[in-house]
Amino acid sequence: MSERDWTRGEAGRSMARLLPRVRAELAAAREADPAAYEVFEARLVREWPRLFGLLLRLYGQHYDFFYHLEQILLAAGRAWAARSAGLRALDAAREADPAWFQSQQMIGAVLYVDLFGGTVEGLRERLPYLERLGVTYLHLMPLFRAPEGNSDGGYAVSSYREVDPRLGTMEQLAALAASLRERGISLAVDFVFNHTSDEHEWALRARAGDPEHEQFYFLFPDRAMPDQYDRTLREIFPTVRRGSFTWDEGMGRWVWTTFNSFQWDLNYANPAVFRAMGEELLFLANQGVEVLRLDAVAFIWKRLGTDCENQPEAHLIIQAYNALTRIACPALLFKSEAIVHPDEVVKYISPEEAQLSYNPLLMALCWEALATRDVRLLSHSLRTRWRTPEGCAWVNYLRVHDDIGWTFDDDDARSLGIDPYGHRRFLNAFYTGDHPASFARGVPFQANPDTGDARISGTLASLAGLEQALHERQPQLTDLAIRRILMLHSVILSAGGIPLLYVGDEVATLNDYSYVRDPAKADDSRWVHRVPFDWEQAERWDDMARPEGYIYNELLRLIALRKGQPAFAGNSLEVFDTGSPQLLGFARRGGGQRILVVANFGERPQALNANRLRLYGLGYQFCDLNTGVRLSAGETLSLAPYQFVWLEPVAG
């Protein structure tokens, strides 16, 4: 008998034993809505073999494996029973249309509640702004209870079931989720599951000496094991602390802290941790959350002698959580956040793992191409690294709350004659304004003096040259900066997947250097682009004579234009050679439509010859959807500095 057949047999026997317990636990819900219960049980029977097999691989060696198995199953049942009628209807709708998030109608936005609306209720009052922007997917940055002062921007969670009291309550968040659903907007939040804050109830119990919760974390009495681990670990925040461990005076133990010293890594080798975090996940789904951004997925499994990143068990954990949600709350999607090597990023993307994934490579290489005025590395990566499994999608962004890391593949760079180490140093110099050809005004983040590595902070507008232009009061530079900003957005709006706007970018928000006056933020340069939304400037957004007004209104137009193009749905992308290192070119097709996208990444005019236009556009006559101008493949296509075109073939 094969191992697979044996596992399926054991799964069947386990189900036969456990199903009566589930039915007894859910007797009231079953009696209240027999038809809904039948749907739930059908999902349970369908997904159980997968969930059982994954948990067996992860935890089968534990003496109490079947206890945890039963508790996980009952937790899923209780979560389904507590799910509202509206969310159960959403589950059914999503199962009937699993490709819903691949529509060209999708537009994402990400924001901090306090910086945008002050509170959850304040955000709710601002929803018309997001509706006007065309948003269908709203990602709220961490808003759960966290330590006072420095909490890594909310990524040190003290309770997954409480909203930060300064922002509101969990009841208000659930009400917001319902309001968003009524408007056709899906709510996404961060699921910070690699670590908790040192103020989380579990950490407090561990610190008090509770043996059960001590096993939720990695605690060591001396440096023997930490020193062995540190030999192969990379430092994530080298300016905060050297190494990956923090001494806790109260416990007299070393604690594993990959990120900040107040963020304690969870021990997923313990099935009790998997179960406890799974219950938090299901709770959030029942508040109306439709997408969970899985934070720091690469770090969740530790293995001595490795870098403790992207371990096979990390994938098994996410797949097991995926199976759990297919049973209890199938409307929920996962979005992976893996800012690691491109070969590793794509491994997290699957209908049975994370259906969505941030696309850090596209983001980084758009900025790389803008700095070099050369799209070869970007084109190469789009050609070779774009494909995702069927039923999945990239989330494409230019800026978010985090820094920019240069995550391109070194061998890809070398194949184009680029020295990867020197190139990253150039990019860091360029985007901090420390290069003669630079227009950018970024700030370095976590510069490591030992390796020369660094990342970049800054708003989109400041990195694209608008801060420099306005400071120097040069209209020509302002025009070029505006062109860069719109051209960059044209790429993420047309490439495929879900375009994600970092709210504030659409109104050309500049760097805010006042963060250095706040002791809780002064050591984290990312706050330079975590800027309060300036509602007092709202009248400027309709003034096309101002940079922020022009950019805002042009983006509104481009978003509406995108939504009308069936070719922009899905993920298919055909990259072609434009014959110019400054011109990015790709074709999109779908719904009976074909669109040729060409974008000039340089500040000088460029040309696409007539035959390439015919060959890749598959026609002789085209309409530029962006301008409405008709073009002919009988002549060269000229593009002004930072111009882009969306060309649709038309009848001659």
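The values are calculated or read from the model by the stated rules, or taken from the named source; none is laboratory data. Predicted model, so just to flag it, every value in this text is computed and none were measured. Neighbour counts run over all protein chains shown; Cβ positions are idealised from the backbone, glycine included. Please note that ligands, DNA and RNA were not included when accessible areas were found on the heavy atoms of the full protein model with its side chains. Shrake-Rupley method; radii C 1.70, N 1.55, O 1.52, S 1.80 Å.
Structural remarks
- Among the residues of the stretch 71-83, those identified as touching a Leu at 6+ places or on another chain (Cβ under 9 Å) and under 16 Å from A323 (Cβ atoms) are I72, L73, L74, A75, A76, G77, A79, W80.
- Restricting attention to the stretch 228-267, the residues being among the small types (G, A, S) and more than 28 Å from the chain's Cα centre (by Cα) number 2.
- Index of the failed condition, E313 passing every other in (1) open to solvent by less than 20 Å² (accessible area, probe 1.4 Å); (2) more than 30 Å from Y431 (Cα to Cα); (3) part of a helix (DSSP H, G or I): (1)
- Options S638, S572: the member that is polar (S, T, N, Q), open to solvent by 60 Å² or more (accessible area, probe 1.4 Å) and out of contact with any Asp or Glu (no Cβ under 7 Å at 6 or more places or on another chain): S638
- In the stretch 401-415 there is no residue matching the filter, namely being open to solvent by less than 10 Å² (accessible area, probe 1.4 Å), touching a residue at least 40 places away in the same chain (Cβ under 8 Å) and hydroxyl-bearing (S, T, Y).
- Residues that are in a loop (DSSP other than H, G, I, E, B), open to solvent by 30 Å² or more (accessible area, probe 1.4 Å) and closer than 16 Å to Q355 by Cβ within the stretch 91-109 comprise D97, P98, A99, S103, listed in sequence order.
- Cβ pairs under 8 Å, 6+ apart, first in the stretch 489-511 and surrounded by fewer than 24 Cβ atoms within 10 Å (Cβ to Cβ), second part of a helix (DSSP H, G or I) and at pLDDT below 95: V507/Q537; V507/R540; V507/W541
- Exactly one residue out of A538, A560, A599, A567 is among the small types (G, A, S), open to solvent by 30 Å² or more (accessible area, probe 1.4 Å) and at pLDDT 95 or above, and it is A560.
- In summary, R594 fulfils each of the numbered conditions (1) open to solvent by 40 Å² or more (accessible area, probe 1.4 Å); (2) charged (D, E, K, R); (3) in contact with a strand residue (DSSP E or B) (Cβ under 7 Å, 6 or more places away or on another chain); (4) free of Cβ contacts under 8 Å to residues at least 40 places away in the same chain with the single exception of condition (4).
- Residues that are in contact (Cβ under 8 Å) with a residue 60 or more places away in the chain, out of contact with any Pro (no Cβ under 6 Å at 6 or more places or on another chain) and part of a helix (DSSP H, G or I), drawn from the stretch 49-77: R50, L51, L54, L55, R57, L58, F65, Q71, I72, A75, A76, G77
- Which listed residue is more than 21 Å from the chain's Cα centre (by Cα) and open to solvent by less than 10 Å² (accessible area, probe 1.4 Å), from A156, A208, A203, A188: A203
- The stretch 376-400 residues that are on the phi > 0 side of the Ramachandran plot, paired with ones that are surrounded by fewer than 21 Cβ atoms within 10 Å (Cβ to Cβ) and modelled with pLDDT of 95 or more (beta carbon under 6 Å, 6 or more apart): G391/P351
- Count of residues meeting criterion [among the acidic types (D, E) and over 27 Å from W80 (Cα atoms)] in the stretch 309-336: 1
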